[in-house]
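Okay, structure first, notes after.
Just so it is clear, none of the values below were taken in a lab; they were calculated from the coordinates. Only a predicted model underlies this, so the values are computations on that prediction, with no experimental measurement involved. Glycine gets a Cβ as well: all are built from the backbone with ideal geometry, and neighbour counts include every protein chain shown.
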Amino acid sequence: MVWQSTVPDALDALVAALRAAPGLADVTVFDGPVVTASGQVEAITVGAGDEEDPTAVEGQNAREGLAPMPDREQYTIRCAALVLNGAGNMPAARRRVYQLLGEVGGVLAADQRLGGVVMMARLGTSTLTQVQDETGAAATVAFAVEIDAFTRR
């Protein structure tokens with residue numbers, strides 16, 4: 001029997017759930033790192049690190065009990081919510097980026113199993129970065145989606 005991680009299915013399910021969320025209807029949800037000149041002012045990336053650490057998913061596997069299968073896997077999907085306020089209004093950009101994070105949290109609370117792909121998906125750590133330049137005020141929340149699952153065989 002072949003051992004199979006849930007990581008690819010979890011990424012697909014998370015992207016699909018965020019793209020289908022009514023509260024994110026006007027927000028672009030990117031699947032992985034994207035090079036674009038689209039000028040999007042609100043976006044969420046799923047499974048993408050940053051320039052310093054491009055890691056998309058990090059995790060570990062362990063035996064569960066005495067059974068030879070399946071293995072327990074726990075991993076973190078790295079994501080980010082980004083808002084650019086062209087008027088340079090940092091408080092508005094910051095407030096909006098946390099609204100986007102709240103929408104992600106709501107999606108996960110509504111379906112913690114990501115359609116049955118995993119046992120549990122929940123928001124983990126987050127960090128806020130703020131930048132003010134000639135394009136406006138940019139607020140980014142890098143956040144983790146923590147996954148607990150069993151591998152497939």
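Summary table below
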{"item": "Mean separation of Cα contacts under 8 Å, 6 or more apart, over the residue count of region 7-150: relative contact order %", "result": "24 percent"}
{"item": "Asp71 long-range amide H proximity, modeled H, under 5 Å", "result": "Thr151"}
{"item": "Sequence of Thr6, Thr125 once ranked by neighbouring C-beta atoms within 10 Å, starting from the fewest", "result": "Thr125, Thr6"}
{"item": "Residues with amide H under 5 Å from that of Ala56, placed H, sequence gap 5 or more", "result": "Gly49"}
{"item": "Farthest toward positive dipole pole in the chain [+1 Lys/Arg, -1 Asp/Glu at C-beta], among Leu114, Gly59, Tyr75", "result": "Leu114"}
{"item": "Gaussian network model of the chain, Cα within-10 Å springs - most flexible of Val34, Val15, Val83", "result": "Val34"}
{"item": "Magnitude of the charge dipole, the chain, Cβ model with Lys/Arg +1 and Asp/Glu -1, debye to 20", "result": "460 debye"}
{"item": "Approximate spin-label separation Asp111-Thr55, in nm, with each point projected 7 Å along Cα-to-Cβ", "result": "2.8 nm"}
{"item": "Residue order, fewest to most surrounding Cβ atoms within 10 angstrom, among Thr129, Thr151", "result": "Thr129, Thr151"}
{"item": "Where GluC sites (Glu not before Pro) in DSSP loops with at most 16 other Cβ within 10 Å are excluded, longest remaining stretch of the chain", "result": "65-133"}
{"item": "Exposure proxy ranking, count of Cβ atoms within 10 Å, fewest first, for Tyr98, Tyr75", "result": "Tyr98, Tyr75"}
{"item": "Between helix 7-20 and the chain: long-axis angle, C-alpha atoms, 0 to 90°, nearest 10", "result": "40 degrees"}
{"item": "Correct option for P(r) over Cα pairs in 10 Å bins from 0, in percent [calculated from the coordinates] among [x] 7, 17, 17, 14, 9, 8, 10, 9, 5, 3, 0; [y] 9, 25, 35, 24, 6, 0; [z] 11, 39, 31, 13, 5, 1", "result": "[z]"}
